[in-house]
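The values are calculated or read from the model by the stated rules, or taken from the named source; none is laboratory data. Predicted, not measured: the structure shown is a model, and the values here were computed from it. Note: ideal-geometry Cβ built from the backbone for every residue, glycine included; neighbour counts use all protein chains shown.
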Amino acid sequence: MRYVLSTCLFLILLGCGADAERKREDAILSGQILLDTLRCQEAIEVLEEVGRDSKNIVYTKTLASAYACRAGYNTPSFFTDDLPNVSNSGSVIGSLTTFTNASTNNAPDNDAFEDMQTAINLLLYAGGLDSTKDPTVQRRATALKSDEAEEVNAYLLFLILDQLGRYFYHYGDADSSGVKGGRDDGKNECLANYNSGTYDTDAVVNFGAGDILPGTKMSDVLAKIHGLGISGECGNGADDDGDAVADEGHPDFGSATNLREARLCQGVILWNNFRKILVEVLANVTSDDFGELDNISAALDTQVGYLETALPLSSTYVTNTLSQTKCVADNNALGTTEYLEWYFVFIFEALFGS
């Protein structure tokens, strides 16, 4: 009797599992059909109704596509209208702010920005990766089949580039030409407000504007970056008319603990994942469409090298961190945003335009 009951229970559970799987497969098919006609919201509703399953890669990619769709992203348009704008000459980051969707971002909690971040996070942790750990290329390669991992990484690269354009357009107050602080509604000369801290290693760093010596203040580093002659006024200590002013960052970064860290970390995490995924994608493609991306890969690594030389611990707290949760936790534990600020100074201010 006990054997019969156990068998029946097993068959019932098996049937429930099969039924759930059929519902998920139906949801995927329905979602894909809806996305073909850009019915993004309906696709999200159909897919979310059956519950997320990050280990089902087809489901995860379809749901990510639905959120990216609602964010206004379109891959064909991205390739024809945006990707050719990426530039290694002048302002690398400024070129991203000229992307089609960049100017839609007008707040940290902008709906389309958050939808795109949802799409990115779904793919970063595809395969059931732990969100408290760094979603490395290697971890995705272990969790997914090789062809699945390649597809996810390529798609991630495009979505992250689009999101970086939105992020820097807003916090950089960029104008239509990609010039930081170029719009009338913000006028922040720097991305963030930086403290007067110094780096205390014995390293001497030179990145095209003269030596940065041990003990150099953050404001002096910004001044040297400004001397590179790239666009923007951060570090100049003067406004467009030449009047002396304090360099100001975007007010949405604020000064509150956790909030400031979370928003600074968001840019760092997007950029770090972009760097790591770019290397992986370039190793697997031969298309001329990626020529300019190939050209900027070395520039990105160079700036990170400058920071790690000046502040070796930055590799622990910022330059190798790929998880938003981990970034906030690590820097919150420090009780300071100094490492995040140095990251912005050495990398973002230099590549955007001081």
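General remarks:
- Just one of the listed residues (THR104, THR80) is over 16 Å from the mean Cα position of the chain (by Cα), closer than 19 Å to GLN266 by Cβ and not aromatic (Phe, Trp, Tyr), namely THR104.
- Unique match (being β-branched (Val, Ile, Thr), surrounded by fewer than 18 Cβ atoms within 10 Å (Cβ to Cβ) and modelled with pLDDT under 95) among THR100, THR80: THR80
- Evaluated against (1) at pLDDT below 80; (2) buried (at least 19 other Cβ atoms within 10 Å of the Cβ), ASN195 falls short on exactly one condition, (2).
- For the range 294-310, filtered to residues that are in contact with a helix residue (DSSP H, G or I) (Cβ under 6 Å, 6 or more places away or on another chain) and aliphatic (A, V, I, L, M), the residue that is modelled with the highest pLDDT is VAL304.
- Residues (assigned to a helix (DSSP H, G or I) and free of Cβ contacts under 8 Å to residues at least 12 places away in the same chain) located in the range 27-64: LEU29, ILE33, ASP36, GLU42, GLU45
- In the set ASP134, ASP130, only one residue is outside any helix (DSSP H, G or I), within 14 Å of the chain's Cα centre (by Cα) and either over 20 Å from ALA66 (Cβ atoms) or in the same structural domain as PHE348 (by TED's automatic domain parsing) (or both); that residue is ASP134.
- Residue count for the range 297-325 under the criterion of being surrounded by 18 or more Cβ atoms within 10 Å (Cβ to Cβ), touching a residue at least 40 places away in the same chain (Cβ under 8 Å) and in a helix (DSSP H, G or I): the result is 10.
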